[in-house]
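S.K.: If you scroll down you'll find the structure; I have some questions about it.
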Amino acid sequence: MNIKTIRHSLAHILAHAVLDLYPETKFGIGPATETGFYYDFDLPSPISEKDLKKIEKRMKQIIRKNLPFKKKFITQKEAKKLFRDQPYKLELIKELKNSKEKISIYQVGNFVDLCRGPHVKSTKQIPLDGFKLIKTAGAYWRGSEKNPMLTRIYGIAFASKKELEEYLKQIEEAQKRDHRVLGQKLELFMFDEEIGAGLPLWLPKGTILRKIIENYLYQELNKAGYQWIISPHIANIQLWKTSGHWDFYRENIYSPIKIDNEEYLLKPMNCPFHVKVYNHKIRSYKDLPIRFAELGTVYRYEKSGVLHGLTRVRGFTQDDAHIICTKEQMEKEILNLVKLAIKVLKTFGFKDFEIYLATRPKKFIGTISNWQKATKALRQALDKMKLKYEIDKGGGAFYGPKIDIKIKDSLGRPWQCTTIQVDFNLPQRFKMEYVDKDGKRKEPIMIHRALLGSIERFVGVLLEHYAGALPLWLSPEQIWVIPVGASHKNYAKKIVQELQEMSFRVKLKDEKETLSKRIREGEIQKIPYILVVGDKEVKSKKVRIRKRHKGDIGEKTLAEFIKLIQNEIKKRK
């Protein structure tokens with residue numbers, strides 16, 4: 001039996017159980033999901049997650065009855081009569097344009113629902129030990145804040161008890177790795193109500209981590225021939241009207257602010273600024289390709305319900321870049337971009353990827369010929385690197401095709417990172433030109449690209465991938481030096497000074513606490529190396545080394561230790 005069909009059927013059985021337990025309930029919708037199912041309810045009284053066991057028990061009782069799923073087609077008039085006490089169902093029925101169209105309904109036991117199906121033939125086909133209700137949440141009817149808030153009950157479902165238990169273990173591991181918890185424990189970032197939802201505040205250690213990532217990007221992009229620019233956080237509304245964002249992206253843009261009787265917008269994108277830098281003087285074919293890069297902070301409206309730590313915020317910094325080139329240069333530039341993206345992602349420790357080539361949608365701008373050339377260039381770059389990819393048919397933006405690269409973390413979860421997009425829109429709208437070798441003015445090709453995407457989101461993914469135990473080269477604090485007692489403090493200070501002079505990120509831990517407590521704190525803070533110095537180390541001019549996850553690895557001279565960590569940092573492992 002198809003697992004999607006089982007999950008969809010379980011959504012109906014969940015609704016049946018809720019109807020039995022809370023007869024006055026009004027029903028929303030209940031689809032299958034990637035790992036299970038949910039159903040939205042307008043309940044007569046609030047419930048909590050404590051009630052899920054009772055509901056789940058009732059679901060299993062229903063399944064044991066071996067009830068058939070009966071499909072029937074009825075008229076809209078019959079449907080309105082059948083669901084006369086169900087306002088959410090009536091709303092869905094009224095929206096059907098063809099009044100003569102018959103409506104498909106499914107019945108299981110005494111629960112009837114609007115549904116196209118498919119469903120299992122009978123409840124006995126559903127594994128009793130393959131599903132579990134996991135949580136409740138608030139959900140606006142049809143996702144609109146103008147509508148009533150319903151109670152959403154989530155369940156997970158698999159074909160066997162073993163698969164369910166494996167998934168539950170994965171959830172448990174994911175909870176341990178939750179970057180929101182790690183960010184607080186490791187003192188990397190915070191959120192504050194007075195600052196505003198979805199606007200992270202970076203703490204000193206988190207700021208160091210960001211700077212390490214940004215400095216690495218600076219080095220790699222400088223080697224790749226990029227030029228760095230900086231753009232403002234706001235711009236006149238006319239810029240966004242010219243770019244098309246005001247018309248096509250308005251739902252993600254904050255309301256205009258008035259300055260000297262003119263309207264300005266917080267920027268949702270960096271690209272129009274990069275176009276303006278390109279257009280500020282005449283460009284020759286000899287200047288191309290031009291590669292502009294910026295770590296630009298943008299602001300996009302997100303509903304409060306979808307905000308999630310660093311991975312979904314309202315203000316974030318993109319590692320943004322735009323390549324302006326000729327049609328002849330496009331293929332080579334895309335190939336270089338894919339190579340650079342894979343290199344950067346592997347450096348951060350990601351080795352498994354899901355890659356998609358998104359092609360022309362139904363609504364698009366530009367000529368078919370240009371779309372074909374751009375899509376071919378994207379495809380050839382992936383083929384030349386012998387990368388496996390899937391075609392996302394019609395998944396391109398209206399302004400051009402694209403490559404999307406998703407990284408898989410240590411739990412196998414995919415995260416969207418790299419995007420490489422060809423754009424036919426902005427060159428047209430802003431009348432971008434270059435002078436070719438014959439002195440003729442031509443329109444260039446523009447390629448958008450982000451390697452890591454949002455820096456905030458990428459840090460969140462990094463923390464969950466490594467469970468907070470970042471590699472030595474990324475760790476905001478690389479080394480703690482702990483003197484056993486007061487008499488060893490001067491020797492510890494000398495070690496700290498020598499390490500700092502060599503640009504290592506080191507901290508002296510000389511609080512009046514027991515040695516074991518300070519070591520334990522270092523383990524909780526996931527410090528890669530802890531150097532302990534006592535009488536023996538002072539006398540031998542050595543340090544006792546504790547390595548994260550391995551414990552005590554013995555004594556070395558400071559020179560030997562420095563050589564060890566220099567090699568580790570160089571390899572970025």
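S.K.: What per residue convex hull volume, in Å³, comes out for the chain when only alpha-carbon positions are used?
M.R.: Details: hull volume 125.9 nm³, N = 573.
That works out to 220 Å³ per residue.
S.K.: Further, regarding this structure: How high is the FRET efficiency between Leu128 and Asn2 when r is their beta carbon distance and R₀ equals 22 Å, given to the nearest 0.05? Each step should come with its number before you reach the end.
M.R.: Values: r = 18 Å, r/R0 = 0.82.
The formula returns an efficiency of 0.75 here.
S.K.: Shifting gears a bit: On alpha-carbon atoms, Rg over Rh for the stretch 3-168 using Kirkwood Rh? Don't skip to the end; give the middle numbers.
M.R.: On the way: Rg = 15.6 Å, Rh = 16.3 Å.
So for the stretch 3-168, dividing Rg by the Kirkwood Rh gives 0.96.
S.K.: Using a Förster distance of 41 angstrom, determine the FRET efficiency expected from the C-beta separation of Arg116 and Gln380, and round it to 0.05.
M.R.: Values: r = 41 Å, r/R0 = 0.99.
Using R0 = 41 Å, I get an efficiency of 0.50.
S.K.: Considering the Cα positions of the stretch 71-177, please state its Rg to one decimal place and its Dmax as a whole number of Å.
M.R.: Rg and Dmax of the stretch 71-177, Cα atoms, are 18.1, 54 Å.
S.K.: Would you mind putting 266-273, 1-8, 278-285 in packing order, based on average other-beta-carbon counts within 10 Å, highest first?
M.R.: On the way: 266-273: 22.0, 1-8: 17.5, 278-285: 13.4.
Per-residue mean Cβ counts within 10 Å order the peptides as 266-273, 1-8, 278-285.
S.K.: Local charge sum around Lys536 (other residues, Cβ-Cβ under 14 Å, Lys/Arg +1, Asp/Glu -1)? Please list the in-between numbers first.
M.R.: Values: positive: Lys539, Lys541, Lys542, Arg544, Lys556; negative: Asp535, Glu537, Asp552, Glu555.
It works out to a net charge of +1.
S.K.: Still on this model: Using the Kirkwood formula over every pair of different C-alpha atoms, what hydrodynamic radius in Å results for the stretch 405-508? Provide the component values of the computation, followed by the final result.
M.R.: Numbers: mean 1/r = 0.0534 Å⁻¹.
Result for the stretch 405-508, one decimal place: 18.7 Å.
S.K.: Can you compute the helix-only [θ] at 222 nm over the chain? Use -39500 (n - 2.57) per DSSP H run of at least 4 residues, normalise by all residues, nearest 500 deg cm²/dmol.
M.R.: Numbers: 18 runs with 207 residues, N = 573.
After summing the helix terms and dividing by the residues of the chain, the value is -11000 deg cm²/dmol.
S.K.: Can I ask one more? Go ahead and collect, in residue order, the members of the stretch 279-304 whose backbone nitrogen is under 11 Å from a label point 7 Å along the Cα-Cβ direction of Arg441.
M.R.: Taking a point 7 Å out along Cα→Cβ of Arg441, the residues of the stretch 279-304 whose backbone N falls under 11 Å are 282-283.
S.K.: Going by average Cβ density within 10 Å per residue, which order do the peptides 557-567, 80-90 take, highest to lowest? Write out the running numbers ahead of the final one.
M.R.: On the way: 557-567: 13.8, 80-90: 15.7.
The peptides rank, most packed first, as 80-90, 557-567.
S.K.: Decide, for the stretch 114-166, between rounded, prolate and oblate: order the square roots of the alpha carbon gyration tensor eigenvalues as a ≥ b ≥ c, take rounded if a/c falls under 1.5, and otherwise choose prolate if a/b is larger than b/c, else oblate. Walk me through the intermediate numbers first.
M.R.: Numbers: a/c = 3.75, a/b = 1.67, b/c = 2.25.
Oblate, because a/c is 1.5 or more while a/b does not exceed b/c.
S.K.: Further question: Once phi is turned into θ = phi - 60°, what whole-Hz ³J(HN,Hα) does the Karplus curve with 6.51, -1.76 and 1.60 give for every residue of the stretch 191-197, x standing for Gly and Pro?
M.R.: 10, 9, 4, 6, 7, x, 5
S.K.: Say R0 is 25 Å: what FRET efficiency, to the nearest 0.05, do Ile282 and Lys363 get from their beta-carbon distance?
M.R.: On the way: r = 34 Å, r/R0 = 1.34.
With a Förster radius of 25 Å, E is 0.15.
S.K.: Okay, next question. Please sort by residue number the chymotrypsin sites (Phe, Trp or Tyr not before Pro) in the stretch 301-362 whose DSSP state is loop and whose Cβ has at most 16 other Cβ atoms within 10 Å. Intermediate values should be presented prior to the final figure.
M.R.: Values: sites: Tyr301, Phe316, Phe348, Phe350, Phe353, Tyr356; in loops: Tyr301, Phe348, Phe350.
Those satisfying the criteria are Tyr301.
S.K.: Something else: How big is the stretch 479-571 in terms of Cα radius of gyration and Dmax, in angstroms?
M.R.: 12.2, 37
S.K.: Using the structure shown, select from Lys267/Lys402; Lys303/Lys339; Lys489/Lys556 the pairs with a Cα to Cα distance greater than 28 angstrom.
M.R.: Pairs exceeding 28 Å: Lys303/Lys339.
S.K.: Measure out, as a whole number of angstrom, how far apart the alpha-carbon centroids of the stretch 468-494 and the stretch 378-437 sit.
M.R.: Going from one Cα centre to the other spans 44 Å.
S.K.: My understanding is that a pair violates if its Cα-Cα distance is over 31 Å; which of Lys176/Lys509; Lys169/Lys547; Lys71/Lys408; Lys406/Lys507 do that in this structure? Working shown, then result.
M.R.: Numbers: Lys176/Lys509 27 Å; Lys169/Lys547 28 Å; Lys71/Lys408 40 Å; Lys406/Lys507 36 Å.
Table pairs above 31 Å Cα-Cα are Lys71/Lys408; Lys406/Lys507.
S.K.: Say the cut-off is 26 Å between C-alpha atoms; which of Lys223/Lys431; Lys26/Lys162; Lys185/Lys563; Lys373/Lys393; Lys526/Lys570; Lys276/Lys386 go over it?
M.R.: Details: Lys223/Lys431 30 Å; Lys26/Lys162 35 Å; Lys185/Lys563 31 Å; Lys373/Lys393 16 Å; Lys526/Lys570 20 Å; Lys276/Lys386 37 Å.
Table pairs above 26 Å Cα-Cα are Lys223/Lys431; Lys26/Lys162; Lys185/Lys563; Lys276/Lys386.
S.K.: Assuming 0.36 nm per residue, please report the length gained on full extension of the stretch Asn567 to Gln175 beyond their Cα-Cα distance. Present the calculation step by step, with values, prior to reporting the outcome.
M.R.: Working: separation 392, 0.36 × 392 = 141.12 nm, distance 3.33 nm.
Roughly 137.8 nm would be gained on extension.
S.K.: Mind listing which GluC sites (Glu not before Pro) in the stretch 52-115 are in a DSSP loop and have 13 or fewer other Cβ atoms within 10 Å? Let's see the in-between values first.
M.R.: Details: sites: Glu56, Glu78, Glu91, Glu95, Glu101; in loops: Glu95, Glu101.
Answer in residue order: Glu95, Glu101.
Values quoted throughout were computed directly from the atomic coordinates according to the rules given, and no laboratory measurement underlies them. This structure is a prediction, so every number in the text was calculated from the model and none was measured. When we count neighbours, we look across all protein chains shown, and the Cβ atoms used for this are built from the backbone with ideal geometry, even at glycine.
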